[in-house]
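The structure appears right after this line, and notes come after that.
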Amino acid sequence: MEDLIKGRLGGADGYDIRCTIDGDTIKGRAGGKLHGKDINLEITERGVQGSVGADPVKIELQDGELKGNVGAQKLTLRGVDRVTGFMGEPIIGWNVVAQQTGERLTGQLGSTVLGRPFDLELGSAPGWVGTLVAIVAFYALEPRANITTSR
């Protein structure tokens with residue numbers, strides 16, 4: 001059974017997100033043809049692994065939280081329908097908050113002033129999957145999401 005996650009990251013000035021879910025595989029694209037990256041994720045028994053563009057994604061379930069990396073950025077997520085978490089390092093990072101209502105997911109990455117809102121249609125996917133897709137898209141398309149402290 002194939003399902004679709006689609007929506008927008010960053011409002012009118014942001015990017016489209018469109019992914020298909022086929023079983024445990026999530027494939028799609030964040031952004032357009034000229035400025036975008038492919039998303040390839042697989043839900044495993046231990047978490048999620050895959051790639052966004054050329055960067056690896058590896059997240060595992062540990063003590064009730066999803067913990068791991070999106071590229072060079074650390075990520076921690078908790079919750080299913082109401083998802084909270086953090087991406088990055090304590091000084092340079094982004095809070096994550098999202099709420100699923102039916103088949104719709106709305107949320108925010110970062111602060112309300114400097115962050116990016118997102119709004120996705122989930123189909124039958126749980127909120128944590130949509131939140132992860134939004135985070136991966138943010139990482140792929142926002143230059144400031146790729147800031148690392150080891151320069």
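The values are calculated or read from the model by the stated rules, or taken from the named source; none is laboratory data. No experiment lies behind these values; they were computed from the predicted model shown. Here the Cβ is made from the backbone with ideal geometry for all residues, glycine too, and neighbour counts use every protein chain on show. To get the accessible areas, we keep the full protein, side chains included, count just its heavy atoms, and leave off ligands, DNA and RNA. Shrake-Rupley method; radii C 1.70, N 1.55, O 1.52, S 1.80 Å.
Listed peptides 127-133, 39-45 appear in the order 127-133, 39-45 once ranked by packing, highest mean of other Cβ atoms within 10 Å at the front. Around the Cα centre of the range 65-151, unit charges on the Cβ atoms of Lys, Arg, Asp and Glu (plus for the first two, minus for the last two) sum to a dipole of about 280 debye. The apolar share of the surface of the range 9-70, taken as the fraction of accessible area on carbon and sulfur atoms (1.4 Å probe, ligands and nucleic acids excluded), comes to 45 percent.
Measuring between alpha carbons in the structure, the pairs from K6/K37; K33/K67; K27/K58 lying more than 23 angstrom apart are K33/K67. Here's the picture: charge each Lys and Arg Cβ at +1 and each Asp and Glu Cβ at -1 in the range 65-146, and of V83, G130, W94 the one pushed furthest to the positive end of that dipole is W94. Along its three principal directions, the equivalent ellipsoid of the chain from the Cα gyration tensor extends over semi-axes of 20, 18, 16 Å, largest first. In the range 1-87, taking the dipole from charged Cβ atoms about the Cα centre, the farthest positive-side position among Q49, V70, G14 is held by G14. A Cβ-based charge dipole, computed about the Cα centre of the range 5-151 with Lys and Arg at +1 and Asp and Glu at -1, lands at about 380 debye.
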